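Since the structure comes first, as C-alpha cells, the remarks are kept for the end.
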Amino acid sequence: MATAIRQMISITDQEGAEFLSRCHARTFPAKSWLGEQGTVANEIFFLVSGITRSVIVDHAGEEHTIHFSLENQFICDYTSFMAQTPATNSIQAVEQTEVVVLPRPAIEWGYAHLRQGDRLGRLIAEYYFVYFDSRLKNQYLYTPAQRYENITKVFPNIHNRVPQHMIASYLGVSPVHLSRLKKLV
C-alpha cells in the first residue's frame, strides 16, 4: 500500500510508517461482506490480493454488480464515507481477499499530519468519480457486445476469477445474453 500511496503523493518513510501503524491487515473469505448497504462506511480498504464487487440491491430485491475492484486499488462506498450517510451499495469479496483497512481515524490523521494528506483523499475520490462517470456513459454509448469486449481491458483476467452471472450483471445483460455475446466475440 505504501507504494500505491507514494505513486499518488510525496511522503517520507517516517510519514508512511506512522500512517500504516494506524491501519491493519484483514482477510475476508470468498462471499463475505466488507461493507453493507444501509450502514455508514467508516473504513477504506486497500486490496492487497483478491477481487471484490460492489453491489446495489434494487427496490425489487435484485442484485446489480456496479463495480469490480482488483489488487492495488482502494475500495469503499465513498459517498457514505465522506457524507457519513448509509451506504447505497455493499462490497463483497468474490474470492479470498486480503486488504489493508484504513479506518476513519487513520484517514483523519493523514489529512492532519501528512504534508499532502488531503491531496491523497482527493485523488482517490477523483479516480472513482472518473471511473463511475465513464461507466455510466459507457452503458449508453456502447452496445452490450462492445462492453463485453472492453471488460478485460478494465479488469484483466476477470473471466477466470468472477462467476459469469456477476459479469452479466455488471454488463447489464442476462446470463443467457452473455452466453450469446461470448459466442459472437
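The set of residues from the stretch 147-158 being surrounded by 14 or more Cβ atoms within 10 Å (Cβ to Cβ) and more than 16 Å from the chain's Cα centre (by Cα) comprises R147, Y148, E149. Of everything in the stretch 27-47 that is among the aliphatic types (A, V, I, L, M) and within 22 Å of E108 (Cα to Cα), the residue that is surrounded by the fewest Cβ atoms within 10 Å (Cβ to Cβ) is V40. When the test is whether a residue is at positive phi, loosely packed, with under 12 Cβ neighbours inside 10 Å and either of a type outside the set (D, E) or touching a residue at least 40 places away in the same chain (Cβ under 8 Å) (or both), G50 does not pass it. For the residues H177, H159, the requirement of being part of a helix (DSSP H, G or I) and either among the aromatic types (F, W, Y) or in contact (Cβ under 8 Å) with a residue 24 or more places away in the chain (or both) singles out H177. Count of the stretch 80-119 residues, restricted to those that are in contact (Cβ under 8 Å) with a residue 40 or more places away in the chain, in a helix (DSSP H, G or I) and more than 16 Å from A17 (Cα to Cα), is 5. Among the residues making up the stretch 21-39, those that are under 13 Å from N89 (Cβ atoms) and in a strand (DSSP E or B) are W33, L34, G35.
Being over 17 Å from A93 (Cα atoms), of a type outside the set (S, T, N, Q), in contact with a strand residue (DSSP E or B) (Cβ under 6 Å, 6 or more places away or on another chain) and modelled with pLDDT of 95 or more is the requirement here; does G50 meet it? Against the criterion (over 17 Å from A93 (Cα atoms), of a type outside the set (S, T, N, Q), in contact with a strand residue (DSSP E or B) (Cβ under 6 Å, 6 or more places away or on another chain) and modelled with pLDDT of 95 or more), G50 does not qualify. Taking each residue of the stretch 26-43 that is over 13 Å from P103 (Cβ atoms) and looking for partners that are acidic (D, E) with beta-carbon atoms closer than 7 Å, six or more apart or interchain, yields T27/E98; A30/E95.
Of all the residues in the stretch 140-185, those that are out of contact with any Leu (no Cβ under 9 Å at 6 or more places or on another chain) and within 22 Å of S90 (Cβ to Cβ) number 9. When residues in the stretch 121-156 are screened for being within 21 Å of T52 (Cα to Cα) and part of a loop (DSSP other than H, G, I, E, B), 2 of them pass. Within the stretch 116-145, the residues that satisfy the criterion of being surrounded by 13 or more Cβ atoms within 10 Å (Cβ to Cβ), at pLDDT 85 or above and not aliphatic (A, V, I, L, M) are N138, Y142, P144.
The values are calculated or read from the model by the stated rules, or taken from the named source; none is laboratory data. Computed from a prediction, not measured in an experiment: that's the story for all the values here. Virtual Cβ from ideal backbone geometry, glycine too; neighbours counted across all protein chains shown.
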